[in-house]
Amino acid sequence: MRTKYTLKFYVNKYTEKQGRCTIYGRIIHKQKKNEFATQLAIKPSEWNKEFMQPISNPFIKRELAQIENKIQETVNRLEYEQIHIDSKSIKDYYTGKDKVDMGILEYLDRIIELKKKTTTSSNHNKYVVLKVNIGDYIWQIHKVKDFNMKKINLKFITDFDAYLKSIKSKQYNKPLEQDTIAGKHSYFRYVLRQALNEDYIRKTPYDIFKIKKGIPKIKRLTASEITKIEELQLKNKKEENVRDIFLFSVFTGLRFTQSKTLTMESITTENGVYKRIFIYEQMKNKTLLDIPLLERAKSLIEKYEQSDARILSNFVLPPVSNSYFNKVIKKITKSFNIPFKMTHHVARHTYATTILMENDVGIYEVKDWLGHSSINSTKIYAKITSLKMNNTADRLNNIYNSAA
């Protein structure tokens, strides 16, 4: 969709020097305006106010036409690069002011606007929170409302790191975990690299600053805890639906959005028996997932054959919202004294570790079934699956002890 804006020229009589006044441009977008000086001057008597152009000066007419073309080129560039467009950004990009004194919070507004259009709400929200963190930091430490991006150096990043380590999570009222801090640095690094690509800054301090990651904390259930959830006596059908959606991901590794939108077209059968799931991993890698169906997952598919969701929309499972799901799964497992917050993603972690790796499924099969693009992502699960390593060591000891 093309951006609608208006460009008008007028003579600013307050700039008169030696009988000539500077011609100004006025950019209007959504009833908001920004003005700039054109460096052109003309006698007021030679200016046509109604048509906003010189009466008979071909040189100035030609120069104003070139300005109009350059303004349009600027708007085209902003549209192409998906940068937030308003009268100020058009003026700043045209005059080059954006390259001189762009503040980091102002630039983050543009990144946030871009992410709102191009990514998930969860990813977009991370940049919103990052802006709050940086805003609080520069106000408390530097006592300014915004900070010139050209002045962001290694000390700025180091001090920001120290600031993040000093604050507490508003949700849990405890210091931020190192993984959370590392995540904020990763998003900030992306922002500064974008600024570098757009010539707002000449270098990024993240070329020097090393982001320290915390020890991965994989939240997963044990086999006995899975059994307890399966055997839960629940009060109503909605709670039962949530429990079954969770268990389906425990035995398939699907993300919440994947299980929520999964239809029977993605389930293959052989001789009337459910065999595999074929779906595209659209959130990250856009690869085709081929997941073999375990018996307990098959039984859940069969359980909902006559559900409204299946009959009306061909969904495998009854759809629920993510917030409602997390609220209910936390409620129905409260008595288990699980030492971490229960969310849907616990099911995916459980599938990778308790279901697969602790039952000797190879790491490359786990990688493919989870849809990881890199084996390094899968190795995180392998590091915390000590039971499998212990079992393997015991098995090797038995073999070689008996051989001796």
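The values are calculated or read from the model by the stated rules, or taken from the named source; none is laboratory data. Remember, predicted model here, so these are calculated numbers, not experimental data. So basically every Cβ, Gly included, is an ideal-geometry build from the backbone, and we count neighbours across all protein chains shown.
A few notes on this one:
- Those residues of the range 216-235 which are over 22 Å from the mean Cα position of the chain (by Cα), assigned to a loop (DSSP other than H, G, I, E, B) and not acidic (Asp, Glu), in sequence order: ARG220, LEU221, THR222, LEU232, GLN233, LEU234, LYS235
- Any hit, the range 57-68, residues being buried (at least 16 other Cβ atoms within 10 Å of the Cβ), within 30 Å of GLY183 (Cβ to Cβ), among the β-branched types (Val, Ile, Thr) and out of contact with any Ser or Thr (no Cβ under 8 Å at 6 or more places or on another chain): no
- Per the listing ILE85, ILE28, ILE42, the residue uniquely over 30 Å from LYS115 (Cα atoms) and either surrounded by fewer than 18 Cβ atoms within 10 Å (Cβ to Cβ) or in contact with a strand residue (DSSP E or B) (Cβ under 9 Å, 6 or more places away or on another chain) (or both) is ILE42.
The rows are residues; the columns are (1) more than 24 Å from LEU289 (Cβ to Cβ); (2) buried (at least 16 other Cβ atoms within 10 Å of the Cβ).
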{"residue": "SER224", "(1), (2)": "yes, no"}
{"residue": "GLU230", "(1), (2)": "yes, no"}
{"residue": "LEU234", "(1), (2)": "yes, no"}
{"residue": "ASN241", "(1), (2)": "no, yes"}
{"residue": "ILE245", "(1), (2)": "no, yes"}
{"residue": "VAL250", "(1), (2)": "no, yes"}
{"residue": "ASN271", "(1), (2)": "no, no"}
{"residue": "ARG276", "(1), (2)": "no, no"}
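- Verdict on ALA352 being farther than 18 Å from VAL242 by Cα, in contact (Cβ under 8 Å) with a residue 60 or more places away in the chain and either in contact with a Lys or Arg (Cβ under 8 Å, 6 or more places away or on another chain) or part of a helix (DSSP H, G or I) (or both): yes
- One residue stands out among those in the range 193-209 that are charged (D, E, K, R) and under 25 Å from the mean Cα position of the chain (by Cα): the one that is surrounded by the most Cβ atoms within 10 Å (Cβ to Cβ), which is GLU198.
Results for (1) closer than 28 Å to ASN359 by Cα; (2) more than 27 Å from the chain's Cα centre (by Cα), shown as yes or no for each residue.
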{"residue": "LEU289", "(1), (2)": "yes, no"}
{"residue": "ARG296", "(1), (2)": "yes, yes"}
{"residue": "GLN306", "(1), (2)": "no, yes"}
{"residue": "ILE329", "(1), (2)": "yes, no"}
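- When the test is whether a residue is modelled with pLDDT of 90 or more, touching a strand residue (DSSP E or B) at 6+ places or on another chain (Cβ under 7 Å) and not aliphatic (A, V, I, L, M), THR227 does not pass it.
- Applying the set (1) outside any helix (DSSP H, G or I); (2) surrounded by 18 or more Cβ atoms within 10 Å (Cβ to Cβ); (3) at negative phi to LYS212 leaves exactly one unmet item: (2).
- Considering the conditions (1) touching a residue at least 40 places away in the same chain (Cβ under 8 Å); (2) touching an Asp or Glu at 6+ places or on another chain (Cβ under 9 Å); (3) of a type in the set (A, V, I, L, M), ILE277 is excluded by exactly one of them, (1).
- One residue stands out among those in the range 88-102 that are touching a helix residue (DSSP H, G or I) at 6+ places or on another chain (Cβ under 9 Å) and surrounded by fewer than 17 Cβ atoms within 10 Å (Cβ to Cβ): the one that is nearest to PRO175 (Cα to Cα), which is ASP101.
- Residues considered: ILE157, ILE181, ILE134. Of these, the only one that is in contact with a Pro (Cβ under 7 Å, 6 or more places away or on another chain), surrounded by 17 or more Cβ atoms within 10 Å (Cβ to Cβ) and in a helix (DSSP H, G or I) is ILE157.
- Filtered by the rule that a residue be within 15 Å of SER249 (Cα to Cα) and either buried (at least 17 other Cβ atoms within 10 Å of the Cβ) or modelled with pLDDT of 90 or more (or both), the range 320-342 gives VAL320, PHE325, ASN326, ILE329, MET342.
- The requirement of being in contact with a strand residue (DSSP E or B) (Cβ under 7 Å, 6 or more places away or on another chain) and surrounded by fewer than 16 Cβ atoms within 10 Å (Cβ to Cβ) is fulfilled nowhere in the range 70-77; no residue meets it.
- Residue under evaluation ASP146, criteria (1) in a helix (DSSP H, G or I); (2) surrounded by 16 or more Cβ atoms within 10 Å (Cβ to Cβ), criterion not met: (1)
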